[in-house]
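Since the structure comes first, as structure tokens, the remarks are kept for the end.
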Amino acid sequence: MSLRIALRSPFGDRVVRGVSEGRWAEAPTGAPSPLLGDDLWALPGLVDGHAHLAAEELDYQPGDFDGAMERARAALAAGVTLLLDKGWTDDVTVRVIDALPAGERPEIEAAARVLSAPDGYFPGFAREVEPGDIEQAVADEASAGAGWVKLIGDWPRKGLGPVANFSESELRRAVKVAESVGAKVAIHTMARDVPSMAVAAGVHSIEHGMFLTEGDIAALGERGGMWVPTLRRNEATLAQLGAESSGGRLFLEGLARIEDGLLPMAVEAGVRVLAGTDLAGSPADVAAEAKRLGEYGLGSSDVVAAVSVNGFVATDRDHDFSIGSAADAVLFAANPIDDVEVLAHPAHVMRRGRML
């Protein structure tokens, strides 16, 4: 019997589709067939914009391949159909892409090994790059990765706080090399000055970015750039550092800036704000990060966009169930814009035309 599925999006019209070879097709006609999802709400999937499949927690150890496979499967079961992995000390996530059939995992884009300046991250974890070697390092990691290169933009030095690892010129060169081979650049930044350098240099995705300025947001939005605030990770780091430490005070200031209206400002400017777990929970928990975005001031429709359609748009993927696109959908019993809590409780998950 042919499959017919009703897809009622919170952001658009209701459409009825069929499935052919794992892609959306015209709904079958002729003999009646069951209509699935007629009373449900549909998204093309949830998106984790800052994942690390390689580990279960922030342990800075070599990647756990078997665990990464299970986390990818669990993410899909929770409704995550697109995952942006922002790198590790090795290429574990890239190997997961090759090892798991597409129907058993989300679509995955991934950085391989993260890049930093010498002594600019946890010892031995990142590939350390001398200033004159940035082009070659980016080219290498773009080749090793799956669509992304990840830079550690700043890191605390004793008595100085977070210090930039790269100059604006180096960042520009990194972006140019990455773009020449079809990759995007993401940058970890907790410092006050580095977000402005990164935006000016054309970096595609700002990770954390508590000190983005209004001017940065305007420039990032003008080109449809991404910002992944990772609020729950920032809060966990604050708790680890302690509110009275110098680092803790920096995080308190940064989080207060976000809470003071940066998220709605970014959306209004055209920035693609994305929900990202960053090991504050697994990718299967990305709905909790989406909820936190709302608690920091993002409106409910923008919360749903941040954990779904924004990621598809930012990575040039279909998000409205167009004929010929991948037959992926996550169905909910209620409109998630009316109740963001339902994001954590999908009724059905479809991947490549197969109901899980």
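What follows draws every value from the coordinates through simple rules; no lab data is involved. Note that the structure is a prediction, hence the values are computed from the model and not measured. Here Cβ is always computed from backbone atoms with ideal geometry, including for glycine, and neighbour counts include all displayed protein chains.
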What percent antiparallel are the DSSP beta bridges of the chain, to the nearest 5?
-> 40 percent
Each residue of segment 316-326 in turn: what ³J(HN,Hα) in whole Hz from Karplus with 6.51, -1.76, 1.60 and θ = phi - 60°, glycine and Pro shown as x?
-> 6, 10, 5, 10, 10, 6, 5, 4, x, 7, 4
Neighbour net charge for L40 - beta-carbon separation under 12 angstrom, K R +1, D E -1 = 0
Dividing the mean separation of Cα pairs under 8 Å (6+ apart) by the residue count of segment 23-128 yields a relative contact order in percent of 24 percent
Which FRET efficiency, nearest 0.05, do E268 and S2 yield, Cβ-Cβ r, R0 41 Å?
-> 0.40
With each pseudo-label sitting 7 Å past Cα toward Cβ, what's the S245-S169 distance in nm, one decimal?
-> 3.5 nm
Please order L115, L82, L279 by the number of other Cβ within 10 Å, starting at the fewest.
-> L279, L82, L115
Just report the Cα centroid separation between segment 265-281 and segment 67-93, whole Å.
-> 18 Å
Along Cα→Cβ, 7 Å out, is where each label goes; now give me the distance between the ones at D320 and A102 in nm to one decimal.
-> 2.3 nm
Using only alpha carbon pairs under 8 Å that are at least six residues apart, calculate the relative contact order of the chain and give it in whole percent.
-> 20 percent
Restricting to lysine pairs 8 or more places apart or on different chains, what number in the chain have Cα atoms under 16 Å apart?
-> 5
Taking a ≥ b ≥ c as the square roots of the eigenvalues of the Cα gyration tensor, with a/c under 1.5 meaning rounded and otherwise prolate when a/b exceeds b/c and oblate if not, segment 196-303 is oblate
Is segment 46-314 rounded, prolate or oblate when judged by the Cα gyration tensor, a ≥ b ≥ c being the square roots of its eigenvalues, rounded requiring a/c under 1.5 and prolate requiring a/b larger than b/c?
-> rounded
Packing-based order for 248-255, 203-210, using average beta carbon neighbours within 10 Å, highest first | 203-210, 248-255
Distance from segment 286-315 to segment 170-196 (C-alpha centre basis), Å | 23 Å
Add +1 for every Lys or Arg and -1 for every Asp or Glu among the other residues with Cβ under 15 Å from the Cβ of V304, and state the total.
-> -4
Footprinting proxy, M355, M226, M69: sorted fewest to most Cβ within 10 Å, the residues are M355, M69, M226
Hey, with R₀ at 51 Å, roughly what FRET efficiency would T29 and E179 work out to, going by the Cβ-Cβ distance, to 0.05?
-> 0.70
Compute the Cα gyration tensor for segment 300-354, then decide on rounded, prolate or oblate, letting a ≥ b ≥ c be the square roots of its eigenvalues: rounded whenever a/c is under 1.5, prolate when a/b is larger than b/c in the other cases, and oblate in all that remain.
-> oblate
A200 label point, 7 Å along Cα→Cβ, cut-off 17 Å on backbone N: hits in segment 218-232?
-> 218-221
